[in-house]
Amino acid sequence: MTDTIVIVGSLNADLVVRTERFPQPGETLHGSDLATLPGGKSANQAVAAGRLGGTVRMVGAVGDDGNGTLLRDSVAASGADTTHVVVRPDTATGTAVITVDGRGENTIVISGGANATFSPADLPADVFHDAAVLGLCLEVPMDAVLAAARAAHAAGVTVLTNLSPFGAVPPELLELTDVLLVNEHEAAALGDHGVQRSIVTRGGDGSVVHDGDAQPVEVPAVPVDAVDTTGCGDAFMGAVALRLAAGDSLVEAARFAAGVGAYAATGAGAQASYPTTAQLEAFLGT
C-alpha cells in the first residue's frame with residue numbers, strides 16, 4: 001500500500017463571467033470578459049492534491065477538443081497522472097457555466113458532455129492496486145461511481161465521497177463510503193446516513209468532524225477576504241484526500257484542508273488558485 005490517491009470523476013471547462021451581483025429571473029446584466037478555465041470537481045480535487053505534492057491518478061473522460069486538451073494539460077501540470085483520462089471522439093468536453101458576484105460567491109450550471117459518457121468499462125482493472133484513498137463526487141453517472149467505490153472497497157482503499165452535486169444516492173454508495181464530505185445544508189437534507197466518519201463543512205464557520213464514537217470536533221475556518229469561492233470545496237476535498245493518504249487523522253486532515261480552502265478563495269478561478277506547499281506555508285505563516 002502506498003500514499004497514492006485515485007480521483008475518479010469529472011473534468012469540466014469552466015466558462016466564467018464576473019458581475020457585481022447575480023441577475024434576477026428575466027434580467028440581463030453586463031459582466032466581465034468570458035474566461036475559459038480548467039475545472040470539474042474531480043479534476044480540481046486531483047490538481048489540489050497534486051500541487052501539494054501528492055501522488056495522484058486521475059480517471060475520467062474528456063472530448064477530443066481544445067477544452068479536453070486544456071484540462072488534461074492542467075491536471076498533468078499539477079503532477080497528477082492523466083494516463084487513465086479517456087478521450088472521446090465526436091463528444092464535447094464537459095462544461096460549467098459560472099457566474100461570480102462582487103462578494104466572490106458563485107452560481108454554477110454544469111453540462112455533462114464527455115463526463116456523462118463515463119462508465120464502469122472506463123475503470124482500469126488495476127487502478128486501485130497500490131492506492132490509499134479514492135476520491136469520488138457525483139458529476140459522472142452513478143453506475144460508474146458505484147463501480148469505483150466497489151472496486152476500491154474490495155482493494156482495501158479508503159473511499160472518500162463528496163455528495164456534490166447533491167441528490168438522492170443509492171444506499172450502497174453510503175455503505176461503501178468510509179469518509180463522507182458534505183456541507184451543512186447537504187447534511188441536513190441527507191439526515192441519518194450511517195457513515196461513521198464524516199466532515200460537515202460550514203463555510204466561514206469552519207467544519208465539524210465526526211469520527212466514530214468520538215465526540216464531534218469543530219475545526220475553525222481560516223479567515224480570509226474572499227476573491228472567488230469557485231472550487232474552494234474541491235481544494236478542501238483534495239487536501240483531505242492528501243492527508244488521509246499520508247496517514248493523518250480525520251481531524252488533522254480537516255485542519256490542513258481549512259488552510260488550503262482559504263488560500264483557494266484568495267485567487268480567481270478554481271485550479272489556478274490552488275497552492276503549492278511553499279505557497280500554503282507562506283500564507284499560513286508556518
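All of the numbers you see were taken from the coordinates with simple rules; none came from a lab. Owing to the predicted nature of the structure, the values given are computational and were not obtained by experimental measurement. In this analysis, Cβ positions are derived from the backbone assuming ideal geometry, glycine residues included, and neighbour counts consider all displayed protein chains.
With springs only between Cα atoms under 10 Å apart, run a GNM on the chain and tell me which of GLY231, GLY135, GLY194 wobbles the most.
Highest fluctuation of the listed residues: GLY194.
When ranked by the protection proxy of mean other Cβ atoms within 10 Å per residue, highest first, what sequence do the peptides 279-285, 54-60 form?
Numbers: 279-285: 13.1, 54-60: 25.9.
Top of the packing list down: 54-60, 279-285.
Let me spell out the model: positive unit charges on the Cβ of Lys and Arg, negative unit charges on the Cβ of Asp and Glu, origin at the Cα centre of the chain. What dipole size does that give, in debye rounded to 20? Don't jump to the answer; show the numbers that get you there.
Details: 13 positive and 33 negative charges, 54 e Å.
Magnitude of the dipole: close to 260 debye.
Helix-only mean residue ellipticity at 222 nm, the chain, DSSP H runs n ≥ 4 weighted -39,500 (n - 2.57), per residue, nearest 500. What is it? Show your work: numbers first, answer last.
Values: 8 runs with 86 residues, N = 286.
Helix-only estimate at 222 nm: -9000 deg cm²/dmol.
Taking springs between alpha-carbon atoms closer than 10 angstrom, which of ALA61, ALA246, ALA80 fluctuates most in the Gaussian network model of the chain?
ALA246
How much length, in nm to one decimal, is gained on full extension between ARG103 and GLN279, taken as 0.36 nm per residue of separation minus their Cα-Cα distance?
Working: separation 176, 0.36 × 176 = 63.36 nm, distance 2.37 nm.
My answer for the length gained is 61.0 nm.
Taking the C-alpha atoms of the range 1-105, how large are the radius of gyration and the largest Cα-Cα span, Dmax, in Å?
15.8, 54
Can you tell me which of GLY238, GLY53, GLY113 moves the most in a GNM of the chain? Springs connect C-alpha atoms under 10 Å apart.
Per the Cα network of the chain with a 10 Å cutoff, GLY53 tops the list.
Which one, SER273, LEU173, GLY194, projects farthest toward the positive side of the charge dipole computed for the range 158-286 from Cβ point charges (K/R +1, D/E -1)?
SER273
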